[in-house]
Amino acid sequence: MLNYIIRRILYALPILAGVNLITFVLFFVVNTPDDMARMHLGTKHVTGEAIWKWKEEHGYNKPLLYNETAHRFEKFTNTIFFEKSVSMFVFDFGRADDGRDIAYEIQSRMWPSLAIALPVFLLGLLTYITFALVMVFFRATYVDFWGVILCVMLMSVSSLFYIIGGQFLAGKLWHLVPVSGYGSGLDIGRFLLLPIVIGVISSAGANTRWYRTLFLEEITRDYVRTARAKGLSESAILFRHVLKNALIPILTGAVAVIPLLFLGGLITESFFGIPGLGSYTIDAIQSQDFAVVRAMVFLGSLLYIIGLVLTDISYTLADPRVRLE
Amino acid sequence: MKKIWLQSVRAYDCLTLICSIIKRVFRPGRTISLTTGLFFLNAILSGCTGIWNNPYPAADSGKNILYSAFAERPKHLDPVQSYSSNEIQFTAQIYQPPLQYHFLKRPLTLIPQTASNLPAVSYFDSNDKQLPADAADADIAYSIYKIAIKPGIFYQPHPAFARNENRSLLYHALTAQDMQPVHKISDFKHTGTRELVADDFIYQIKRLAHPGLHSPIFGLMADYITGLREYANVLKRQAEIQPENSFLDLRNFPLAGVERVDDYTYHIRIKGKYPQFIYWLTMAFFAPVPWEADHFFSQPGMAEKNFTLDWYPVGTGPYMLTENNPNRIMVLERNPNFRGEYYPDDGMPEDINKGLLRDAGKPLPFIDKIVYSREKESIPYWNKFLQGYYDASSIGSDSFDQAVQITGQGEATITDEMEAQGIRLETAVAPSTYYIGFNMLDPVVGGRSEAEKASARKLRQAISIAVNYEEYLSIFANGRGIAAHGPIPPGIEGYHEGETGINPIVYAWQNGEVQRKSIRQAQALLAEAGYPGGISRKTGKPLMLYYDVTSRSADDRSILDWMRKQFHKLNIQLVVRSTDYNRFQDKIRKGNAQIFEWGWNADYPDPENFLFLLYGPQGKVADSGENAANYDNAEYNHLFEQMKNMEHGPQRVQIIDRMVTILREDAPWLWGYHPKEFALYHAWYQNVKPNRMAYNMLKYYRINPELRDQKRSEWNQPVLWPIGTGMVLLIVVLLPAWLMYRRKQQQQSIAALLN
């Protein structure tokens, strides 16, 4: 397994370099270094001299990808792309264009993101699987029928509606929780309550239907028929055997997203005033802060790769027949 | 865990199992549902105050705190760099420039802040001979601004000033290792202060040229402050030879344009005559910065923890920044060393009736603490304002109808619902102008030959009549703005009310009211321009014009459709070219746009700050200036040069009037509108008088926390029945299923027994 993991890590390097290059090209197709300077210097009284000075200060006064005036390897190394990219591979994200340390920002913002994303993930998984099992348990009864209808209804509503509706009902109308905001220490609990509940509900429809489909497919298998013939109760069959055998597709969907939980959710964090990482990238794109954009894309790619490796490893734990070689 | 799982499966039915999972994971031993449990948990966390939705700590109830919000995190809090309003709302409370605007007097009046009186200005010729105040502009080689500051002003407590027993600075020889246990500024045990001196103002002026800082006004000021541009080169050379990121001690490098006379007096030397310079002295660019702070933050290990002067301002103002988490919360607290400033005892006659002089003569500030929470979305902000958790709010288009009603006379008043809550409305026309510009370099709307120019002028005049800004404001801005008759907004010298102020090209004065000219008159002008019925006489083809805008959301499409319709009144086809902001700016810079939207917020309340936007040598294409229309009229340029250096008075107004007349005739802009800002304030928020030019108003505001607490408690009692109803509903829905399951289980057991 160790060889496999090492091999996957080595594969990750060219993938990350490629992602970095694509991000770089896409960003600079839309924004030139001059545009970035203007965005940061404001719209009033901006002189050519000020733009030149800003670019020099921030290292954007070099060619993007190829430096014709340089010699040998410096043709490639004395460029914005090389200078801004290499440091990322040692996790030196540098400074945002407003001077803030990006690594420090990521460290401080990932915890609020995680404080919402992790409970939503765990509670959601528990709720969706439970709900799906209940529907399968009561298949072909009114519980299943209305359950599916409920799922379709939940799927049909945009997540923004859940947020605004939830804030309106629980926060504004019933005064049960703060409409938005964030605290410190234990106090964060009451701010997280509503976003967590909304996070779980807003994804319930699609996920429950997905798990229901998995379980329905599973209960037609031979081993289920054998278990029934042995006289096992339906609940024991579902919770002891079906759930265990359906783990592989569940893990495929669930484990890969675990590392990405750090990155948070854009709309939820924005509406609830949660100081997480979710809106960090969007803010950076809007303010044309390439340093932050590339750091966040790099981090996202890296975490996704880690998620995929973890998924592979989790297969071996769920199913002893799977070997990573 | 596995054992418990299996036992549970055997012992209970499916629903009991679900409950046991939930109970095990969340609240072992409890039989209440998860949701109910969480809401009760919320009640406990709320401090059992009886209000569950209070976003602030229960301990802060009843305290003299103002609650506000910010949508966008400030990029810079260094007074040499901050320029946006979302940055100045903080820096203006912390830093004290020499001058400020009077809180109550209108038109805006300059008064001293840290200065002991308004600066005395002297003019000199090239032989250093002093000239009289009325000397001709051409004779003046330079001006000297003599600024005397008040003694006895002290900086906020800060570790940068802390000294040991030997009176040497305590935290000025820190190493990266010393910084390891420090996570916030308050982790430094000792603080100190010192008196404000003239050198601090000089130090800040020097910082405008600092190679590591990007002052947005450096380019402008380098044209005026003697030696500032050369000074920047000196500093740059020095920065190159000294170690990277080390402290560049500006005290060692003299700047020709500033002179220290004594501890409380300094002079600024300005090239030629620049009367508008006095307005810059109200801005934080010219506020004092102590060298100790600059040195303190330049030490190793500081920047890695985001400890910079850009994030932790050090000033003499009424407030100091005690918490800076721009992702969530920023807190200003009363500066214990601030004293000596009092609420004004004179204002406008109407201020007495409005109760704005009740606090006359009382020491400032009134509020102890201001908590700014980050609120990126308008909906939660608005809801929290209505619940009493924000003390003031602007009005978005979504909430306009809920908040404001327009009377039959067109006057905006608060709705009954808001009035019942004690909320009041304050309105003010902003010193801004939003206009549509014609690129005068374009052959169709600007013209090249004299004949073409005359024809293009008629075309622009026709369009000016056709585009009905009164309608625009009514449809798209809920009446929040006034249609502009020229570039100068209300409240600025040169703006006239009534008949004398109308633009006679677009409007007529009839029966004591201003009336937009008819579309027939516009069509006649269009025909004179060579486009009868919107068809070009030369080519026989319909006239097609291009309107450049920045990318619009789907919501704004109706505005663009409306604009097309306005042009269509003249049978002109308007093609909208929407592009991203960068490309849009690029088009403007290169002169590739034909008709474009633009706007300007005043830096200071002087007509020069608007009229220069159409001054020829400020052309965007030729000179990279601010004249985006590239308008160039010799008479106008000459009058501008004459007007800009004149003292306020009737003679100046006369010249401004002539300039505005030229502009109206030439119509290089559709004059657009001046936005009117509406803001709502709760009953406990007092001493509010809108002033869009000054930002250091927090010290005058007053809060009644007792009334706020009482209202919050009235408005926010938790409503619990929905939780109970939800639980009952869930049981009702699941009970038949549970019964069905039980029946099925019993049947299976009987069948097993029978077999």
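None of the figures in this text is laboratory data; all of them are computed from the coordinates on show. Please read these numbers as outputs of a predicted model, since none were measured by experiment. For neighbour counting, all protein chains shown are included, and Cβ atoms are generated from backbone atoms with ideal geometry for every residue, glycine included.
Here are a few things to note about the model shown:
- Placing a label point 7 Å from the Cα of A:Ser156 along the Cα-to-Cβ line, the residues of region A:189-231 whose backbone N sits under 18 Å from it are A:202-210.
- Working note: Cα gyration tensor of chain B, eigenvalues times five, square-rooted, sorted largest first, giving semi-axes of 53, 41, 26 Å.
- Coupling constants for region B:131-139 follow from the phi torsions by the Karplus curve (6.51 cos²θ - 1.76 cosθ + 1.60, θ = phi - 60°), and in residue order they are 10, x, 4, 9, 4, 5, 4, 5, 7 Hz; glycine and proline get x.
- ³J(HN,Hα) computed for each position of region A:60-77 - Karplus, 6.51 cos²θ - 1.76 cosθ + 1.60, integer Hz, glycine/proline x: 10, 9, 10, x, 5, 10, 9, 9, 5, 7, 7, 10, 6, 5, 5, 4, 9, 7
- Rounded to the nearest 10 degrees, the inclination of helix B:581-590 to the longest alpha-carbon principal axis of chain B is 10 degrees.
- Summarising the amide proton neighbourhood of B:Thr415: residues at separation of 5 or more, or on other chains, whose placed amide H is nearer than 5 Å comprise B:Val404, B:Gln405.
- Cubic angstrom per residue, convex hull over Cα atoms of region B:344-502: 216
- Each part reduced to its alpha carbon centroid, region B:630-652 and region B:678-755 end up 62 Å apart.
- When each of the peptides A:208-215, B:136-143 is scored by the mean number of other C-beta atoms lying within 10 Å of its residues, the order from highest to lowest reads A:208-215, B:136-143.
- Per residue convex hull volume, Cα atoms of region B:632-755, in Å³: 321
- For chain B, averaging the sequence separation of C-alpha pairs within contact (under 8 Å, six or more residues apart) and dividing by the residue count gives a relative contact order of 16 percent.
- P(r) tail for region B:313-377: Cα pairs beyond 13 Å make up 69% of the total.
- In this structure, the amide hydrogen of A:Gly273, modeled 1.01 Å from its nitrogen in the peptide plane, lies closer than 5 angstrom to those of A:Gly181, B:Lys376, counting only residues at least 5 positions away or on a different chain.
- Quarter of Cα convex hull surface for region B:478-581, i.e. mean projection, nm²: 9.2
- Note, ³J(HN,Hα) from phi for region B:154-165, Karplus 6.51, -1.76, 1.60, rounded to Hz, x at Gly and Pro: 10, 6, 4, x, 7, x, 4, 9, 5, 10, 8, 4
- Measuring nothing but how far apart in sequence close Cα pairs (under 8 Å, 6+ apart) lie, relative to its length, region B:242-308 scores a relative contact order of 31 percent.
- Per-residue mean of C-beta atoms belonging to partner chains within 10 Å, peptide A:181-191: 6
- Basic side chains Lys and Arg get +1 at the Cβ, acidic Asp and Glu get -1 at the Cβ, and with that the dipole of region B:336-487 about its Cα centre reaches some 620 debye.
- Shielding by other protein chains, B:375-388, mean Cβ within 10 Å: 5
- Region B:356-426: equivalent-ellipsoid semi-axes (sqrt of 5 x gyration tensor eigenvalues, Cα, Å): 26, 20, 10
- Amide proton proximity set for A:Gln288, modelled H, under 5 Å, gap of 5+: none
- Distance between the 7 Å Cα→Cβ label points at A:Trp52 and A:Thr77: 2.8 nm.
- Peptide A:47-59, shielding by other chains (average Cβ, 10 Å cutoff): 3
- Tail weight of P(r) past 18 Å, computed on alpha-carbon pairs of region B:534-625, percent: 59
- Alpha-carbon centroids, region A:15-83 and region A:232-251: separation in whole Å: 55
- Pairs of Cα atoms nearer than 8 Å and 6+ residues apart set the relative contact order; for chain A it is 24 percent.
- When every Cα-Cα distance of region B:382-472 is counted in 5 angstrom steps from zero, the calculated P(r) takes the values 3, 10, 14, 14, 10, 9, 8, 7, 8, 7, 5, 3, 1 percent.
- To the nearest ten degrees, helix B:2-11 and the longest principal axis of the Cα atoms of chain B are 60 degrees apart.
- For the protein assembly as shown, the Kirkwood hydrodynamic radius comes to 33.5 Å, computed from all pairs of different C-alpha atoms.
- C-alpha long axis of helix B:650-666 to longest principal axis of chain B, angle in °: 80
- Modelled label positions at B:Phe476 and B:Glu419, each set 7 Å beyond Cα in the direction of Cβ, lie 3.2 nm from each other.
- Of the beta bridges in chain B, as assigned by DSSP with both residues counted there, near 80 percent are antiparallel.
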